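Colleague: Before anything else, here's the structure in question.
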Amino acid sequence: MAVELLSARMLAPYFGSGLYTWGTVIGITVLALALGYYAGGKLAEKNPGQECLYWLILLASSFIIVMPAEAKTLTMAFSDVNPLSALIAIAMILLIPCLMLYSMTPVVLIHLLTENTGNSGKTAGNVFAVSTIGGIISTFLTGFYIIPGFGLSVPALVLGLVPGTLCFLMLLLRGKIIVIAYFIVVMFGFLELRGKNTHSNIKIHHISEGIMGQLLVADVTQNNNTNRFLFVDRMGQTYMNLNTGAAGWGYVDYITAVSSYFPQGSEALLLGLGGGMVANNLYRILGQKVTAVEFDARIPGLARKYFSLNDAVTVVVDDARHYLKSADKKQDLIIMDLYKGETVPFHLYTLESLRLIQSNLKSEGLLIVNFNGFLNGEEGKAGRSLYKTLAKAGFHIRILPTYGIDKYRNCIFIASMQEKDFSELRMPLKKDGNPVNMETLFTDPNQLDLDDGVVFNDDKPLLELYNINAAKVWREEYNQYYTKMFTSKGVELFK
């Protein structure tokens, strides 16, 4: 289980942590176990001794030690291959050798323990019970403590080194001098921890691994202009121009303009903090009282330290839906900006969740949903379904696309209980320095083909599936530009 978690986190900075990645890792893990159990049974027929068990564990441990180097090298080597094909190939190379060998060990161990007894059923039950308990403990320790505290490479090295060293010593005591070759694998594992420092125009401020993904704060300087990014699994979450302090993505200005519909002192609830660019605009520019809900406990500190999040913004670390269930006051404005990398938490976009949000809004309130820029074709199926879900919840909906082609823009869904006029705002949107009447920018929903859209609900949470194609486009764009640029400058995929 620890190997499964580590491998999934190693793949996430390039392939994301959505359905494709987890489905591939889980499927190949089960395949490796099946192959191992079968091979272990065949091996047990040959009546192996304890020495065979030591060799199995030693070889499996060696594959785990080299896993970080394999993951980094193979990911970039397969960068020009179809992403799904590359993901499956790399996951098979990472997982099948070590997990197949490890899953052979309980079968061989049962054979050794029952060789001279007839109590095979009880022995097999005990072995698999202990193995399962170990898997449960390792899952919780690895996911919640080891990865957040030590990253990925060090845990992989230790996970391979501890059982591998014990088996190395047992084989050495039996006169198997060839096991000295294990030192080469161990040295290779330690060398991998050294990292690289050739960043040139990239300055890394922070990098951390966690069950919620990899967080990276970096400055990128190009053409005498420096921009600061917060990446989640190498997907941009926040983009700030350090020369001006302003947000680099236009959707922040669009949300700010729509939010200026309300007067100073209005109550605003922001679901999803990121670096806090939206929160800062709401507080500093519009004078609103802002509460932000963020699920990843690491992000608020990064927002305050690296993106100047104002101390007056109240931040609550919680799941947004859980927070809404216990909220004790209604809001003028609720903003959903909930991207984690290229994916969104599907449970917050269901009919039940949107009705919960509705109950937390004042009668004249607004719900603003920041979504990807696709509305047509397969990539736009999630956006069209979101529109139908908002309509089913009883909202009047306006769709505000930002400037640019679909894959470079955002679509902002503005939902309210009554139709509203946005022609006159406290802070109108500007283009080329001139105010723009927002009423001229909305997309006519009658032009959308909504027939293939569905209403998302808790029993039918299809958002992640419907959003796969759009997420794939975003991920490929980032991989081709930022991820390749970072790795070419010595910023490795994970630490």
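Colleague: For the stretch 453-495: of the residues being of a type in the set (Phe, Trp, Tyr) and more than 23 Å from ALA71 (Cα to Cα), which is most open to solvent (accessible area, probe 1.4 Å)?
Modeller: Filtering first and then ranking leaves TYR466.
Colleague: Tell me whether the stretch 85-99 contains one or more residues that are in a helix (DSSP H, G or I), small (Gly, Ala, Ser), closer than 26 Å to PHE144 by Cβ and at pLDDT 95 or above.
Modeller: Within the stretch 85-99, one or more residues are in a helix (DSSP H, G or I), small (Gly, Ala, Ser), closer than 26 Å to PHE144 by Cβ and at pLDDT 95 or above.
Colleague: Here's something else I'd like to know. Here's a check for you: in the stretch 398-443, which residue that is of a type in the set (Gly, Ala, Ser) and open to solvent by less than 20 Å² (accessible area, probe 1.4 Å) is nearest to the chain's Cα centre (by Cα)?
Modeller: ALA415
Colleague: Among the helices (runs of 4 or more DSSP H) confined wholly to the stretch 423-495, which include 2 or more residues that are within 23 Å of LYS388 (Cβ to Cβ)?
Modeller: 463-466, 468-478
Colleague: Tell me whether the stretch 312-322 contains one or more residues that are among the charged types (D, E, K, R) and in contact with a helix residue (DSSP H, G or I) (Cβ under 6 Å, 6 or more places away or on another chain).
Modeller: Yes: one or more hits.
Colleague: Here's something else I'd like to know. Mind checking which residues of the stretch 363-376 are in contact (Cβ under 8 Å) with a residue 40 or more places away in the chain and either part of a strand (DSSP E or B) or open to solvent by less than 50 Å² (accessible area, probe 1.4 Å) (or both)?
Modeller: If the condition is that a residue be in contact (Cβ under 8 Å) with a residue 40 or more places away in the chain and either part of a strand (DSSP E or B) or open to solvent by less than 50 Å² (accessible area, probe 1.4 Å) (or both), then SER363, GLU364, GLY365, LEU366, LEU367, ILE368, VAL369, ASN370, PHE371, ASN372, PHE374, LEU375 are the ones that fit.
Colleague: With THR105, THR142, THR123 as the choices, which residue is open to solvent by less than 40 Å² (accessible area, probe 1.4 Å), in contact with a Gly (Cβ under 8 Å, 6 or more places away or on another chain) and β-branched (Val, Ile, Thr)?
Modeller: Details: THR142 fails: in contact with a Gly (Cβ under 8 Å, 6 or more places away or on another chain); THR123 fails: in contact with a Gly (Cβ under 8 Å, 6 or more places away or on another chain).
Checking each option against the conditions leaves just THR105.
The values are calculated or read from the model by the stated rules, or taken from the named source; none is laboratory data. Remember, predicted model here, so these are calculated numbers, not experimental data. A quick note on method: Cβ atoms are made from the backbone with ideal geometry, for glycine too, and the neighbour counts reach across all protein chains shown. Accessible surface is based on the protein model in full, side chains and every heavy atom, while ligands, DNA and RNA are left aside. Shrake-Rupley method; radii C 1.70, N 1.55, O 1.52, S 1.80 Å.
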